[in-house]
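To keep things clear, I will list the structure first and then write my remarks on it.
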Amino acid sequence: MQVRFGVVLISVITVLVGAVTVLGLLLGDSIITGEGLFADVIVILTRIPFADLAAVFLRLSVLMIAVTMLAGMANLIFVHFGRLRQRELRLSRKLFSFIFVLVYFGTIAVYINSRTNGLRLLDDVQVALESAFAGLLFFALVYGAVRIMHREVTLYRLLFVLTLLLVLLAALPFPGLGLISRVYNWVMAVPVEAGAKGILLGIALATLLTGVRVLVGQDRSYGQ
């Protein structure tokens, strides 16, 4: 079995950085006392600024994420510039790429010129897009409810349709929907919140498991 030195070095660095970060986040500036050999180990550990090192590593992680996002945006711009230079590409696709590049650099220019106008432009565009996506989402949900009830009527499908009708009726600005609004508020406060917390708990457990695998050296995908 051949072991590459580069992979081993990356694994050791990753495990050390992860362990120092975890210790810095867990211990912080707290002082732990002990007796015997444990006390000697604690004295050695307290001399190492785990909290400061963890803060540095977290800042470097945020910086790397920002650089990655900038690289992705630059790659996207280069792709659209390449489409504009392609002669065999259809005019509709070139027009889409031209509008994208124009809006991209125009938004940056507006933000540099006036941050208030840039944020206002971002909010207006974002609100319009969110409204359009919400309309498409409701249309897709209604269409999907009709399709699934047309094929076969089951308990879970009927529950899906009833929940969809409840949400749609509760969103209507009509008087006399007090009972529906109370049922909707209960559904949002109990089942929906419980499901959201379950999803967050699953994400936390998966993240914890991934972190443990990285710390023990079992997950070495970063070295491939």
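(1) out of contact with any Leu (no Cβ under 7 Å at 6 or more places or on another chain); (2) in a helix (DSSP H, G or I): which one isn't true of I180, the others all being true?
All conditions are met except number (1).
For region 126-153, what are the residues that are at pLDDT 80 or above and among the β-branched types (V, I, T)?
Selection gives V127, V142, V146, I148.
Only one of L159, L200 is more than 30 Å from V15 (Cβ to Cβ) and loosely packed, with under 13 Cβ neighbours inside 10 Å; which?
None of the others qualify; the one that does is L159.
For every residue, the table says whether it meets (1) out of contact with any helix residue (DSSP H, G or I) (no Cβ under 8 Å at 6 or more places or on another chain); (2) at pLDDT 70 or above; (3) assigned to a helix (DSSP H, G or I); (4) exposed (fewer than 14 other Cβ atoms within 10 Å of the Cβ).
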position: I13; (1), (2), (3), (4): yes, yes, yes, yes
position: G18; (1), (2), (3), (4): no, yes, yes, no
position: L23; (1), (2), (3), (4): no, yes, yes, no
position: V43; (1), (2), (3), (4): yes, no, yes, yes
position: L53; (1), (2), (3), (4): no, yes, yes, no
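So in region 100-133, with the set limited to residues that are aliphatic (A, V, I, L, M) and surrounded by 13 or more Cβ atoms within 10 Å (Cβ to Cβ), which one is farthest from A74 (Cα to Cα)?
For region 100-133, the residue satisfying everything is L121.
Kindly indicate whether any position in region 107-119 is modelled with pLDDT under 80, assigned to a helix (DSSP H, G or I), out of contact with any Pro (no Cβ under 9 Å at 6 or more places or on another chain) and within 30 Å of V167 (Cα to Cα).
No.
Please name all residue pairs, on different chains or six or more residues apart, with Cβ atoms under 6 Å, provided the first residue is in region 80-107 and is closer than 21 Å to L70 by Cβ and the second residue is small (G, A, S) and surrounded by 13 or more Cβ atoms within 10 Å (Cβ to Cβ).
H80/S97; R83/S97
Test G211 against the criterion of being in contact (Cβ under 8 Å) with a residue 12 or more places away in the chain, over 23 Å from A140 (Cα atoms) and part of a helix (DSSP H, G or I), and give yes or no.
For G211, the condition - in contact (Cβ under 8 Å) with a residue 12 or more places away in the chain, over 23 Å from A140 (Cα atoms) and part of a helix (DSSP H, G or I) - is met.
What about S97, is it exposed (fewer than 10 other Cβ atoms within 10 Å of the Cβ) and part of a helix (DSSP H, G or I)?
When the stated conditions are applied, S97 does not pass them.
The values are calculated or read from the model by the stated rules, or taken from the named source; none is laboratory data. From a predicted model like this one, the values you see are computed outputs, not experimental measurements. Every residue, glycine as well, gets a Cβ built from its backbone with ideal geometry; the counts of neighbours run over all protein chains shown.
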